[in-house]
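Notes to accompany the following structure.
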Amino acid sequence: MASRPAPAPKRPSQLPASKPPCNTHPSAIIADKAQITGAHAVEIGENAVIHPWARIRAEGGKVSIGKNSMVYEGATVGTVDGGDVLIGDYVNIETGAVVEAKSVGDGSTVEVNAVIGKGAVLGKWCRVAPLERVEAGEELEDFTVVYGDGQRRVDKTTKEHAEVRELKKVGQEKVVQAMRTLTPNAMAKWAG
Amino acid sequence: MAATFPYTHYACPCSNLTTLAPSAISVKRASVIPTDTPEDSTFDPHDPRANYSLSPLDRLLFCDECEEIRCQRCYGEEIIHWYCPTCLFEVPSSGVRSDGNRRSRSGEEVEESFILQCHYCDWSSLDIGVHLSKPTKITEQLAKQRKSRVSSKPPAGGAQLFSQDETFANLTTFYKEQLSETGDPQNPYSNSPYSSPNNLARIMSLYGGLSVNALKKTREKPQPMREARGEKEGMLTCSLDNKAADDTLLQSMQDLEWANTTTTEQRHSAPANNVARLVDELWPVATHLRTRKCRRCRFCPQYLSYPDPKLKVSNIRYKIRVLALNHIPRLSIRSLQASYPLSNPAFCIHAADLQQPQPVLQSHITRQYILTIRNPILEPIRITLATPTTTPGRVTSRVTILCPSFTVGAAGDVWDEALSSSTTSMATIPPGNGGRQAAMESLTGRGADESLDRQPEAGKVWERTKNSTSVVLEIVPGALKTVLGIMPKSQKELEEEEWEEGDDVLEIPIYVRAEWEVTEEHDDAGDRKGGKRSVEADGNVKKELAFWCVLGVGRIGEGG
């Protein structure tokens with residue numbers, strides 16, 4: 001087996017200056033390399049997964065992550081000075097996304113490198129496609145899809161068919177299960 | 001025409017501008033075409049029709065059966081196979097004929113039925129109410145659902161008897177009938193003298209029966225192909241009277257947003273979508289398959305270019321590829337007095353260096369150019385060049401080839417070249433030099449003599465390397481404007497002097513003839529032709545190839 005030089009550490013050691021008061025559900029998984037900073041409260045729900053290098057900034061207000069939700073690598077959730085951020089259940093915040101919204105409804109997905117501005121409100125079962133932007137203060141109705149170059153449409157399929165919503169929930173649970181086995185839990189570091 | 005000088009364009013023998021070759025090429029005199037040949041046997045590159053037969057070397061193929069150059073008009077293209085652009089899955093031609101040239105796979109499961117869904121924007125076929133019963137043969141299932149939907153809906157507006165789909169089907173049938181009636185060329189390679197089975201049947205019936213019917217049929221001329229005349233044949237009428245339908249359409253376009261109206265691209269994606277004005281009315285269309293094509297000579301069914309059928313990503317290998325590049329002698333021209341340094345484009349650091357300054361030629365000043373002929377084939381060839389004394393066209397320049405007849409060596413493989421490199425380098429380096437100067441010369445490729453005055457001499461070759469020979473051309477560019485005359489010019493003469501674009505480009509037509517011998521065993525093309533060929537006493541077959549080519553030298557500047 002070829003030997004590789006050890007990767008140089010990208011950042012200095014992990015313990016932030018101020019560890020925020022975390023109220024995490026015992027079944028949640030928080031990776032060791034995740035970054036949780038700030039003074040406000042951080043709430044992490046049942047079965048949630050916080051991936052390595054995810055950033056939760058409770059500096060401007062509290063951050064709450066719902067059940068079966070995931071925050072992927074490099075994503076940033078929370079504001080520096082903008083108020084609380086509430087992420088609902090079954091929500092995926094994908095790699096590199098920046099979410100400063102006031103709230104993200106259940107079942108929504110914020111895809112890779114998307115940007116949600118401060119104080120925005122996303123409804124339930126929304127979908128923000130990769131690299132899309134939702135401006136500060138904007139409100140998206142339930143079932144809105146943001147795609148293309150800023151275009152919006154209403155996701156009729158999910159809206160009108162309950163079985164599609166059920167399937168999506170089941171799908172999300174499966175993905176969460178898979179991620180749980182892959183991410184080593186370092187909750188002890190963050191709990192309490 | 002090419003934008004950068006100097007360039008070489010080759011003429012394909014297909015056009016009648018090039019087939020009339022000069023009847024005799026005099027070898028003794030420098031480069032004069034016998035003046036009694038008619039004017040149109042000389043290729044005039046300024047002729048507006050010349051553009052159609054000239055191509056740069058990279059566009060030409062070569063048929064080694066007919067042993068002639070083939071330009072883009074002389075080869076036909078055929079489709080070898082179809083493949084999906086996304087997954088590169090190859091569809092055999094039988095599949096294309098049955099399913100049409102579109103993809104017919106992949107769907108997604110919802111309960112026990114299947115739907116089509118977009119992973120990007122979450123649209124699904126449930127939005128138009130389409131369920132699929134199985135994940136295969138999607139095109140078929142969609143077509144069935146479409147038909148039942150369209151037939152159940154009463155015709156909108158009442159102006160049309162048939163729906164869009166039916167009209168399309170009627171029109172297709174109509175055109176197919178027209179084609180078979182007027183007689184299309186069935187097989188270009190069959191040896192039958194009759195161009196279509198209809199003609200054959202007609203002539204047979206001419207001799208077959210003398211009944212009134214048979215005679216009547218023979219008197220009928222085949223009708224030329226016509227267009228559809230009624231709705232049964234597929235004609236689509238548009239009436240402006242249909243106000244109610246237009247009004248409802250306009251109203252819905254106002255209510256919904258711009259994003260909900262269809263684009264032209266969407267409407268043209270399938271015949272079913274041609275009348276869809278709102279996005280809700282669009283019907284899912286499978287991805288268009290892409291094709292790989294092969295090229296065949298039009299005169300003999302020989303493949304000129306056949307890509308490797310094993311489809312891999314970025315597979316650029318060819319099973320057969322016969323390029324003119326590898327079969328005809330290649331000409332290139334450069335100025336003898338290198339007034340600007342000729343830098344190799346691979347070594348340029350700045351983008352600005354790549355654009356070499358285009359030389360502007362001055363009228364009435366003699367310039368010397370080096371014409372290099374490169375030989376790609378494995379036998380040494382004898383080249384004869386001919387060009388008219390003055391270039392045809394409005395601006396006449398004088399051209400003289402100092403050595404119109406010479407030989408060029410054979411191209412060998414890399415090993416031959418490496419093994420014999422010692423002998424060739426001896427030829428180009430002046431004798432008696434060893435050490436540093438010889439090394440410098442072999443690097444720069446020039447003899448030491450070139451910096452001294454080495455005068456071009458008539459009848460002598462300028463430079464010779466393993467598979468190329470260079471000779472010198474003397475060119476005196478002509479004047480752009482005619483000298484002011486004393487007599488006032490009539491209107492007609494003034495018109496004739498009107499400037500046309502491209503008149504100031506100095507182009508030289510050269511007729512190249514190459515002769516070489518192949519031994520009988522290697523003469524594959526002759527074997528295939530089977531006819532008699534002139535076999536020399538020692539078992540060699542003489543071969544010859546001749547073509548016109550045009551050398552673009554430069555633009556003539558003002559101030560002559």
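The values are calculated or read from the model by the stated rules, or taken from the named source; none is laboratory data. In this text the structure is predicted, and so the values were computed from the model without any measurement. Backbone-built Cβ (ideal geometry, glycine too); neighbour counts: all protein chains shown.
Which members of segment A:144-164 meet the condition of being more than 9 Å from chain B (Cβ to nearest Cβ) and assigned to a loop (DSSP other than H, G, I, E, B)?
Passing the criteria: A:149, A:150.
If you check every pair at least six apart or on different chains, which have Cβ atoms under 6 Å apart with a residue in segment A:12-26 that is part of a strand (DSSP E or B) first and a residue that is modelled with pLDDT of 85 or more and not hydroxyl-bearing (Ser, Thr, Tyr) second?
So the pair list comes out as A:22/A:42; A:23/A:43; A:24/A:44.
Tell me which residues, restricted to segment A:137-192, are among the polar types (S, T, N, Q), under 27 Å from residue A:30 (Cα atoms) and touching a Phe, Trp or Tyr at 6+ places or on another chain (Cβ under 9 Å).
Selection gives A:172 alone.
Could you please let me know if residue B:257 is within 30 Å of residue A:155 (Cα to Cα), at pLDDT below 80 and of a type in the set (Asp, Glu)?
yes
Each row is one residue, and each column tells you yes or no for (1) touching a strand residue (DSSP E or B) at 6+ places or on another chain (Cβ under 8 Å); (2) at pLDDT 85 or above; (3) not in a helix (DSSP H, G or I).
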position	(1), (2), (3)
B:368	yes, yes, yes
B:377	yes, yes, yes
B:407	yes, yes, yes
B:431	no, no, yes
B:439	no, no, no
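Pull up segment A:74-87, narrow it to residues that are among the small types (Gly, Ala, Ser) and crowded, with 23+ Cβ neighbours inside 10 Å, then point me to the one that is modelled with the lowest pLDDT.
A:78
Only one residue in A:139, A:94 is more than 14 Å from chain B (Cβ to nearest Cβ) and on the phi < 0 side of the Ramachandran plot. Which one?
A:139
Restricting to segment A:162-176, what's the tally of residues that are in contact (Cβ under 8 Å) with a residue 60 or more places away in the chain and either touching a strand residue (DSSP E or B) at 6+ places or on another chain (Cβ under 8 Å) or under 17 Å from residue A:105 (Cβ atoms) (or both)?
Selection size over segment A:162-176: 5.
Mind listing whichever residues of segment B:263-275 are surrounded by 14 or more Cβ atoms within 10 Å (Cβ to Cβ) and closer than 18 Å to residue B:288 by Cβ?
B:266, B:267, B:269, B:270, B:271, B:272, B:273, B:274
If I ask for residues that are out of contact with any Phe, Trp or Tyr (no Cβ under 7 Å at 6 or more places or on another chain) and crowded, with 21+ Cβ neighbours inside 10 Å, which ones from segment A:89-101 would you list?
A:90, A:91, A:92, A:97, A:99, A:100, A:101
Could you identify the single residue in B:164, B:145 that is of a type outside the set (Asp, Glu) and modelled with pLDDT of 75 or more?
B:145
Taking the conditions exactly as written (charged (D, E, K, R) and within 14 Å of another protein chain (Cβ to nearest Cβ)), does residue A:189 satisfy them or not?
The answer is no for residue A:189.
Keeping to segment B:374-407, report how many residues are farther than 17 Å from residue B:43 by Cα and surrounded by fewer than 20 Cβ atoms within 10 Å (Cβ to Cβ).
11
Take segment B:243-256 and flag every residue that is surrounded by 11 or more Cβ atoms within 10 Å (Cβ to Cβ) and farther than 10 Å from residue B:278 by Cα.
Passing the criteria: B:244, B:245, B:246, B:248, B:250.
Sort out which residues of segment B:111-153 are part of a loop (DSSP other than H, G, I, E, B), under 20 Å from residue B:275 (Cβ atoms) and more than 14 Å from chain A (Cβ to nearest Cβ), and write them in order of number.
Result: B:153, single match.
So if I check each of A:86, A:182, A:131, A:122, which one is among the hydrophobic types (A, V, I, L, M, F, W, C) and within 14 Å of chain B (Cβ to nearest Cβ)?
A:131
Considering only residues that are part of a loop (DSSP other than H, G, I, E, B) and touching a strand residue (DSSP E or B) at 6+ places or on another chain (Cβ under 8 Å), look in segment B:504-560 and name the one that is modelled with the lowest pLDDT.
Looking at the filtered set, the residue picked out is B:533.
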